[in-house]
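A.B. asks: Just passing along the structure, written as structure tokens.
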Amino acid sequence: MQGNTANTKTEVGYNTKIEGDVIVTRADAVLNWFRKNSLWPMPMGLACCAIELMAAGNSRFDISRFGSEVMRFSPRQSDVMIVAGTVTYKMALALKRIYDQMAEPKWVIAMGACASTGGMYRSYAVLQGVDRIVPVDIYVAGCPPRPEALLDGLMRLQDKVSKEPTIENQKRVAA
Amino acid sequence: MGAIDLANKLRQRFDGLAEPSEFRGEVTLVLNDAEQIEPVCRYARDQLKFDFLVDITSVDNDEETPRFTIVYHLYGLEHHCLLRLKTSVAEEVSELPTVSGIWRTADWHEREIYDMMGVRFRDHPDLRRIIMWEGYPFFPLRKDFPLAGKHSEIPEVAFTEPAPMEGGPFATSPGEQDSMSAEPRVKTPDEEDE
């Protein structure tokens with residue numbers, strides 16, 4: 001196989017001159033490759049972080065370079081919930097319900113200090129970190145994080161997705 | 001005619017209004033009997049042209065009696081005068097007449113006071129909580145409510161947990177020598193006494 005030998009586990013090595021129209025790879029690798037390049041976000045914009053999330057979608061930062069430009073306002077069509085902002089206890093149950101409605105596989109990015117830990121709101125009204133109600137994959141630091149930071153978090157999530165044992169997970173779910 | 005004259009007119013019309021006081025150009029009028037608030041406000045709107053209710057707020061006086069003070073800010077868009085009306089409600093009563101029949105905007109202001117302070121408004125058209133959810137058992141802006149909050153749970157509606165204060169609350173010290181000492185730091189009551 002040609003290509004990057006360090007990443008043979010997940011990367012697809014392909015040389016048209018040698019292999020013609022045939023690509024040989026592992027099922028996990030190809031499925032994860034599909035998944036990680038089309039992580040459609042559920043934009044859970046709850047506060048000022050949502051403004052940076054919107055900026056990440058605009059042409060200067062252009063989240064579509066990573067296949068995540070399709071902001072789906074329907075949980076049924078989204079893969080990653082980006083919790084951008086302060087989660088109050090009043091919103092917490094709605095957020096949990098939307099997460100529950102998302103189809104597997106699904107991931108969560110906690111964007112910014114509030115979503116990660118409650119941030120500066122040590123208060124009776126604010127959930128102290130969205131990881132208390134949903135499993136979080138990536139925490140993005142900042143108040144609010146710059147779009148670059150969100151994109152870095154997205155790339156790290158892509159790394160995480162590309163290492164998942166997808167077929168094993170499917171078998172486990174089926175069993 | 002200034003706000004002080006309008007306040008004096010209101011005082012002539014009703015008993016139980018204290019001498020209006022002026023501070024930095026703002027006039028405050030104290031109404032002794034909260035039950036009178038409805039006719040006083042109606043007169044202020046109809047006769048004195050206070051057609052705009054800016055705000056209603058509430059104060060918790062903690063240990064003092066009466067415990068709650070309700071503050072009305074009245075403004076006239078024609079005469080551009082602001083009048084502050086204050087009245088007190090004892091904790092045992094915790095109720096006074098609504099003014100939402102006079103200014104419709106009072107509806108939500110009064111709901112907020114009910115939600116945060118637990119003072120009820122009689123004859124209010126829709127006295128529900130406005131910020132917290134229906135069934136939340138506390139009134140968070142009362143002085144005896146801890147900053148971190150309390151545990152509560154209503155299944156399928158909401159839950160709350162006390163927030164970790166990490167030794168706080170953190171408070172800034174404006175007017176310190178340098179910005180390092182003015183930064184927010186943990187300040188316990190003991191340290192402040194020293």
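The values are calculated or read from the model by the stated rules, or taken from the named source; none is laboratory data. None of these values were measured; they are calculated from a predicted model. Glycine gets a Cβ as well: all are built from the backbone with ideal geometry, and neighbour counts include every protein chain shown. The area values use the complete protein model at the heavy-atom level, side chains included, leaving out ligands, DNA and RNA. Shrake-Rupley method; radii C 1.70, N 1.55, O 1.52, S 1.80 Å.
A.B. asks: Kindly tabulate the residues in segment B:126-156 with an accessible-area decrease of at least 40 Å² between the chain alone and the assembly of all protein chains, using a probe of 1.4 Å.
C.D. replies: Buried by 40 Å² or more upon assembly, which counts only protein chains, are B:Trp133.
A.B. asks: Give me the percent of the accessible area of chain B that comes from carbon and sulfur atoms, probe 1.4 Å, all protein chains in place. Display every interim value, and only then the final one.
C.D. replies: Numbers: 5410 of 11070 Å².
So the carbon and sulfur contribution to the accessible surface is 49 percent.
A.B. asks: Can you give me the P(r) profile for segment A:131-175? Cα pairs, bins 5 angstrom wide beginning at 0, each as a whole percent.
C.D. replies: 6, 18, 17, 19, 19, 10, 6, 5, 1
A.B. asks: I've got another one for you. Accessible area lost on pairing A with B, both sides, 1.4 Å probe, Å² to nearest 100?
C.D. replies: 1300 Å²
A.B. asks: Also, quick follow-up: Percent of Cα-Cα pairs more than 26 Å apart in chain A, please.
C.D. replies: In whole percent, the long-distance tail amounts to 35.
A.B. asks: Only protein chains counted, 1.4 angstrom probe. Which residues of segment A:84-121 are at least 50 Å² less accessible in the assembly than when their chain is isolated?
C.D. replies: Buried by 50 Å² or more upon assembly, which counts only protein chains, are A:Tyr89, A:Lys90, A:Leu93.
A.B. asks: Still on this structure, please answer the following. Computed FRET efficiency, Cβ-Cβ of B:Ala18 and B:Arg104, R0 25 Å: what is it to the nearest 0.05? Please report the intermediate quantities before stating the final value.
C.D. replies: On the way: r = 29 Å, r/R0 = 1.14.
The value I calculate is 0.30.
A.B. asks: Suppose every K and R has +1 on its Cβ and every D and E has -1 on its Cβ; what is the size of the dipole of segment B:3-139 about the Cα centre, in Debye to the nearest 20?
C.D. replies: Roughly 440 debye for segment B:3-139.
A.B. asks: Does chain B come out rounded, prolate or oblate by the C-alpha gyration tensor, with a ≥ b ≥ c the root eigenvalues, rounded set by a/c under 1.5 and, if not, prolate when a/b is larger than b/c and oblate if not?
C.D. replies: Judged from the Cα gyration tensor, chain B comes out oblate (a/c at least 1.5, b/c at or above a/b).
A.B. asks: In nm, to one decimal, how far is the modelled label at A:Gln101 from the one at A:Asn58, with both set 7 Å along Cα→Cβ?
C.D. replies: Reported label-point gap for A:Gln101 and A:Asn58 is 2.9 nm.
A.B. asks: State in Å² the accessible area per residue of chain A; use a 1.4 Å probe, count heavy atoms of protein chains only, and round to the nearest integer.
C.D. replies: On a per-residue basis, 54 Å².
A.B. asks: Give the shape of segment A:60-111 as rounded, prolate or oblate, defined through the alpha-carbon gyration tensor: a ≥ b ≥ c are the square roots of its eigenvalues, a/c under 1.5 means rounded, and otherwise the shape is prolate if a/b is larger than b/c and oblate if not.
C.D. replies: Judged from the Cα gyration tensor, segment A:60-111 comes out oblate (a/c at least 1.5, b/c at or above a/b).
A.B. asks: Something else about it: For segment A:31-150, what is the charge dipole size about the Cα centre, in debye to the nearest 20, if Lys and Arg each add +1 at the Cβ and Asp and Glu each add -1 at the Cβ?
C.D. replies: 200 debye
A.B. asks: If the limit is 21 Å between Cα atoms, which of A:Lys90/A:Lys160; A:Lys106/A:Lys160; B:Lys86/B:Lys150 go over it?
C.D. replies: Details: A:Lys90/A:Lys160 31 Å; A:Lys106/A:Lys160 12 Å; B:Lys86/B:Lys150 31 Å.
Checking Cα-Cα distances, A:Lys90/A:Lys160; B:Lys86/B:Lys150 exceed 21 Å.
A.B. asks: Still on this structure, please answer the following. Grab the beta carbon distance between B:Val93 and B:Gln177, set R0 = 45 Å, and tell me the FRET efficiency rounded to 0.05. Working shown, then result.
C.D. replies: Working: r = 48 Å, r/R0 = 1.07.
Once rounded, the FRET efficiency stands at 0.40.
A.B. asks: A further question follows. Quick one: net charge around A:Ile63, please, counting Lys, Arg +1 and Asp, Glu -1 for every other residue with C-beta under 15 Å from its C-beta.
C.D. replies: Result for the neighbourhood of A:Ile63: 0.
A.B. asks: Stokes-Einstein D for segment B:78-138 at 25 °C, 0.890 mPa s, Kirkwood Rh over Cα pairs, in µm²/s?
C.D. replies: 192 µm²/s
A.B. asks: So what is the accessible area of chain B per residue, in Å², with the probe set to 1.4 Å?
C.D. replies: 57 Å²
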